[in-house]
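Student: Take a look at the following structure, please.
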Amino acid sequence: INDRTVRPPVRDWGKVIAGSFFFILRPTAERVSPGYLAWAINQPPVQRQLDDAAHGSHIKLIPKKLFEAVEIDLPPLAVQETIVKVSVLAERERRLTALIQFKRAELVRIASLAAARQG
């Protein structure tokens, strides 16, 4: 993940076909940031709404009408972009912290093995 808003690499959406399990969202750029929309949809309150609306035994499906009825808070664009930036940075911090923990454990393991060999 980088410091920029994560966006799909596809630019010409006219050539994209969504299967029956997918919805293509085309946010109005003057009202909502695509990154913010993705962030908002993935937050627990919206996920709970979607879980409640989902049906199916093996693959959960959400009817389009119910997806369209989901409401999200829509702050000004500047606030949306700030939320996205903070979210991206928090995820980067989480990954770096996990990497530090992994490297620290690896260092302890290697040092312990070296100490065991030396007796």
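The values are calculated or read from the model by the stated rules, or taken from the named source; none is laboratory data. Because the structure is a prediction, the values reported are computed rather than measured. Positions of Cβ are generated from backbone atoms using ideal geometry, with glycine treated the same way; all protein chains shown enter the neighbour counts. Side chains are part of the model used for accessible areas, which takes the heavy atoms of the whole protein and leaves out ligands, DNA and RNA. Shrake-Rupley method; radii C 1.70, N 1.55, O 1.52, S 1.80 Å.
Student: So if each residue of separation counts as 0.36 nm, and I subtract the Cα-Cα distance between Asp52 and Ile24, what length gain in nm does that give?
Tutor: Difference between extended and current length: 8.0 nm.
Student: 7 Å from Cα along Cα→Cβ at both Val79 and Lys65: what's the point-to-point distance in nm?
Tutor: With each label placed 7 Å out from Cα toward Cβ, I get 3.2 nm.
Student: Sort Ser57, Ser33 from largest to smallest accessible area, using a 1.4 Å probe on the heavy atoms of the protein chains.
Tutor: Result of the area sort, largest leading: Ser57, Ser33.
Student: Provide the net charge surrounding Ile110, with neighbours chosen by a C-beta distance below 14 Å and charges set as Lys +1, Arg +1, Asp -1, Glu -1.
Tutor: That sum, taken over residues with Cβ under 14 Å, equals +3.
Student: Could you work out what % of the accessible surface of the stretch 75-119 is carbon and sulfur, using a 1.4 angstrom probe and leaving DNA, RNA and ligands out of the count?
Tutor: In the stretch 75-119, the share of accessible area belonging to carbon and sulfur is 66 percent.
Student: Which number comes out as Rg/Rh for the stretch 27-119 once both Rg and the Kirkwood Rh are worked out on C-alpha atoms?
Tutor: That ratio equals 1.28.
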